[in-house]
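Since the structure comes first, as structure tokens, the remarks are kept for the end.
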Amino acid sequence: MKLRSILFNLFAWSIVLMVAFPLFWMLVTSVKPQFELFRRPPTFLPETWTFEHYARLLYDTNFLVYFRNSLVLSTTTTIVVVVIATLGCYSLVRFRYRGRESLAFLVLFTYLLPSVVLILPLYLMLVQLGLSNTIFSLVIAYTTFALPYALWLLRSFMAGIPEDLENAALVDGATRLGAFRDVILPQLLPGIISTALFTFILSWNEYLYALVLVNSDNARPLTTGVMNMLISSFNIEWSLLMAASVMMSVPLIIAFAFLQSYLTRGFGAGGVKG
Amino acid sequence: MADVSFQRVRKAFGSFTAVSDLNLEIDQGEFVSLLGPSGCGKTTTLRMLAGLEFPTSGDIRIGARVVNDVAPGDRDIAMVFQSYALYPHMTVEQNIAYPLKKRGVPKAERPAMVAKTAELLHLSELLKRKPKQLSGGQQQRVALGRALVRDPKVFLLDEPLSNLDAKLRTYMRAELVELHRRLGRTMVYVTHDQLEAMTMSDRIAVMEGGILQQFAPPTEVYNAPANRFVAGFIGTPGMNLIDGALAQEAGGWVFRGPGLAQAVPDLGPEATSGAACLGIRPEDLVIGDGPIETQVRLIEQTGHENIVVVEIAGGPRLTGRVPGHRLWRLGEPVRCGINAANVHVFAAGPTGVRLNAPIQGAVYSMQQSEAVQ
């Protein structure tokens, strides 16, 4: 028994270590001075701590512009996706109409196509619409691939909400929209938060679409912006890259920290019991 | 005047007809049960009355108003759901206050109304709790409270007791009857439990296959079932139904079945010779004396009485009911008789109509059935 628990702990910790070490290394590299980076043997903890890379990123580069772009982009995408997915899954679950199931499946079908296949038609369409090279074009692009998954995720949450709850609200005098707001939305909240978090992370980390659809610094998000700025054929600015990575991770970590309890609650209960 | 009425109401879901040609008039202040097996259309009927489903054709009235196209919230009804449908994110207090809020009752007046309802249902201590922190019985009372807090014209109850344990169910049954008497409101109660329907209702609407089979007071449904379905559905153990044939003989009508011949008086004008069905309640089967030769096949001892199943040689099995001290051995031959005054005759077919006049000794039979329940 004792041995088993020790072995289990060893196993668990080795996985934690594997996941955590790159993060740790990223953090450490970002505060090491340039001359310490490639020393052999490597230093685990920096001998001299420095924040010069952060300062350079913030003052000498376009980092803040990219950051703002990413923030605007991800937030807008999240809002658009969550609003459409919430209303969409309400329709898919609550109303009966011809082709409902095929519609739900069709939505998922777009998700099954590799993005490389979709990217060119999408690009051409956006150019025709005169939206190329804008943040908005990325919002549209991200919505196309985040929405199907969000819809299916929320659909299962929605299906878990007993229809009687809504009927009760209707009988109690609420309008359909009122019942949706008073009864459905609070029940759906864990699902909405999970979906929002998922969408936000997806748009925050997306690279391929951003690379193809946007090539002006005014609209570039962090992923392509940082890449473009710090990685060239001849040189990789490791310390700056790591500092940028740290700062890119911060918003996600904050979001997770705040919403984690909702997330686990969402996957656990779902508020099904009347 | 009827408080709730269905006039030629039909409801179809695609090609499936859930309710067909329903005519039902429920009086002001009446307690009416819609009773039937699963899928008989009783819940659809209630949901149409609530406005959660819309009739395919026909009219539904509440009071004088046709409510076919009226939203549920504007029908002046309250409903208790089988699942209780309490709002999980709201406290008991908020749950009960929700209908008030939605109907624009001023905020200042709500707490007093909620408190009054809570007191009536012994919920005062629980107002700050969430539904999840309540027992099944308490949740059920909150659901009732949400219906009672305003004074609706009609109460709709959809199998409200089916999720409670047996003891609590008996208790809540009495509570509901008491509540109905005190409020004097029209109540429409859906159940598949005939005991609930028999003990609580002023009238029972028995449904099967989307069709109303009989709408009458409990004693009448029990003593004069309108057709073979009602006869078989009401009563535990169920009525013995024997297929055979009617023939007009010198002394009047006689029913002949496998191993038995029974004179049946009081047949109506629609009786014809040929295939028919004889119904005998277990309490009307006399075991131990009579012209029919049978063998004992099964005895169920319930304490105060025994349910005895006997078999006519080469014929059907009949269920009888005798006092608890009377016992036979399995396989023992025993003679049986039929209490001729209390037989029921139905036309052939699963919903064959009743052919004989209602039984005279209605009161006697009802008392017996109550003793059993």
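A few points about this structure:
- Looking only at the stretch A:75-122, residues that are among the polar types (S, T, N, Q) and at pLDDT 90 or above come to 6 in all.
- Count of the stretch A:167-177 residues which are facing chain B (nearest Cβ under 7 Å) and part of a helix (DSSP H, G or I): 4
- The set of residues from the stretch A:180-196 being within 13 Å of chain B (Cβ to nearest Cβ), hydrophobic (A, V, I, L, M, F, W, C) and touching a Gly at 6+ places or on another chain (Cβ under 9 Å) comprises A:188, A:189.
- Index of the failed condition, residue B:291 passing every other in (1) surrounded by 23 or more Cβ atoms within 10 Å (Cβ to Cβ); (2) farther than 28 Å from residue B:203 by Cα: (1)
- The strands (runs of 3 or more DSSP E) found wholly in the stretch B:167-268 and carrying at least 2 residues that are farther than 30 Å from residue B:147 by Cβ occupy B:240-249, B:252-257, B:260-263.
Listed here are the residues, each with its yes/no results for (1) under 24 Å from residue B:36 (Cα atoms); (2) modelled with pLDDT under 90.
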| position | (1), (2) |
| --- | --- |
| B:98 | no, no |
| B:118 | no, no |
| B:125 | no, no |
| B:130 | no, no |
| B:142 | no, no |
| B:150 | no, yes |
| B:163 | yes, yes |
| B:176 | yes, no |
| B:198 | yes, no |
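- Within the set B:360, B:295, the sole residue that is of a type outside the set (Asp, Glu) and either under 20 Å from residue B:246 (Cα atoms) or at pLDDT below 90 (or both) turns out to be B:360.
- Residue B:173 more than 22 Å from residue B:79 (Cβ to Cβ) and not small (Gly, Ala, Ser): no
- Selection of the stretch B:79-102 for residues being more than 7 Å from chain A (Cβ to nearest Cβ) and in contact (Cβ under 8 Å) with a residue 24 or more places away in the chain yields B:80, B:82, B:90, B:91, B:92, B:93, B:95, B:96, B:97, B:100.
- Subset tally (residues that are closer than 25 Å to residue B:39 by Cβ and either free of Cβ contacts under 8 Å to residues at least 12 places away in the same chain or aromatic (Phe, Trp, Tyr) (or both)) for the stretch B:178-196: 1
- Yes/no for residue A:7 being in contact with a helix residue (DSSP H, G or I) (Cβ under 7 Å, 6 or more places away or on another chain) and aliphatic (A, V, I, L, M): no
- Test: residue in the stretch A:157-166 that is closer than 19 Å to residue B:101 by Cα, in contact with a helix residue (DSSP H, G or I) (Cβ under 8 Å, 6 or more places away or on another chain), within 14 Å of chain B (Cβ to nearest Cβ) and assigned to a helix (DSSP H, G or I): yes
- Residue B:155 on the phi < 0 side of the Ramachandran plot, buried (at least 21 other Cβ atoms within 10 Å of the Cβ) and within 10 Å of chain A (Cβ to nearest Cβ): no
- Among the conditions (1) part of a helix (DSSP H, G or I); (2) in contact (Cβ under 8 Å) with a residue 60 or more places away in the chain; (3) among the polar types (S, T, N, Q), residue A:144 misses just one, which is (2).
- Applying the set (1) under 28 Å from residue B:310 (Cα atoms); (2) without any contact (Cβ under 8 Å) to a residue 12 or more places away in the chain; (3) hydrophobic (A, V, I, L, M, F, W, C) to residue B:277 leaves exactly one unmet item: (2).
- Meets criteria (buried (at least 20 other Cβ atoms within 10 Å of the Cβ) and over 30 Å from residue A:144 (Cβ atoms)) for residue A:73: no
- For the stretch B:289-330, the set of residues classified as of a type in the set (Gly, Ala, Ser) and within 30 Å of the chain's Cα centre (by Cα) consists of B:303, B:320, B:324, listed by residue number.
- Strands (runs of 3 or more DSSP E) contained in the stretch B:1-103 and holding at least 2 residues closer than 16 Å to residue A:171 by Cα: B:77-80
- Looking across A:230, A:211, one residue alone is surrounded by fewer than 17 Cβ atoms within 10 Å (Cβ to Cβ), away from every other protein chain (no Cβ under 14 Å) and either within 21 Å of residue A:64 (Cβ to Cβ) or among the aromatic types (Phe, Trp, Tyr) (or both). It is A:211.
- Residue in the stretch B:65-78 that is nearest to the other protein chains (Cβ to nearest Cβ), counting only those that are β-branched (Val, Ile, Thr) and in contact (Cβ under 8 Å) with a residue 12 or more places away in the chain: B:77
The values are calculated or read from the model by the stated rules, or taken from the named source; none is laboratory data. In this text the structure is predicted, and so the values were computed from the model without any measurement. We place every Cβ from the backbone using ideal geometry, glycine too, and count neighbours over all the protein chains shown.
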